[in-house]
1. Using 0.36 nm per residue of separation minus the Cα-Cα distance, give me the extension gain between R44 and R87 in nm, one decimal.
2. Kindly provide the trypsin sites (Lys or Arg not before Pro) of the stretch 1-98 that DSSP labels as loop, not H, G, I, E or B, and whose Cβ sees at most 12 other Cβ atoms within 10 Å.
3. Among D75, D35, rank each residue by its count of other Cβ atoms within 10 Å, from fewest to most, as a rough exposure measure.
4. Tabulate in residue order the Karplus-calculated ³J(HN,Hα) for the stretch 36-48, using 6.51 cos²θ - 1.76 cosθ + 1.60 with θ = phi - 60°, rounded to whole Hz; enter x for Gly and Pro.
5. Distance in nm between label sites at K9 and R80, each 7 Å beyond Cα in the beta-carbon direction?
6. Per the Cauchy relation, a quarter of the hull surface: what is the mean projected area of the convex hull of the alpha carbons in the stretch 1-76, in nm²?
Amino acid sequence: MTARFKRLKTEMAEISIEQEVIKEGQRQVRTKIEDINEECEQLREATKQIIQQSANTQIRLAIMFNILKAREEGDFAKTRQLTQLLRNGACKNDLNHGSRFVHQSSEQRRPIAFVF
């Protein structure tokens, strides 16, 4: 009976050690998953910023193209308006608010058609 008790005690100790190893492995896996999730979020944010910057660049290029077109047509009022729009930072990336605002005087508020 004593030998059997010692054997059971030894087996229980081994099982306890195995359980601790398993718990430690689970902690490590959990930490790795959290790190991966955090990195994914950072990549999502970086991708979002790159997409926004690309869109802003496309808008600036369209404005520049329209400035050239207005100059060719001799429409200097439109050229001035588009140049001012570009200088005022019509496409500045505002990551904190996710919006762009252009302040124009009432004489500058004329509809502008952009050609892409």
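1. 12.5 nm
2. Sparse-neighbourhood loop trypsin sites (Lys or Arg not before Pro): K92.
3. D35, D75
4. Listing the rounded values in order: 5, 4, 5, 5, 4, 5, 5, 5, 4, 5, 4, 5, 4 Hz.
5. 10.0 nm
6. 5.6 nm²
Each reported figure results from applying straightforward, stated rules to the coordinates on display, with no laboratory input. Given the structure is predicted, the values throughout are model-derived calculations rather than measurements. Every residue, glycine among them, receives a Cβ derived from its backbone with ideal geometry; neighbour counts consider all protein chains shown.
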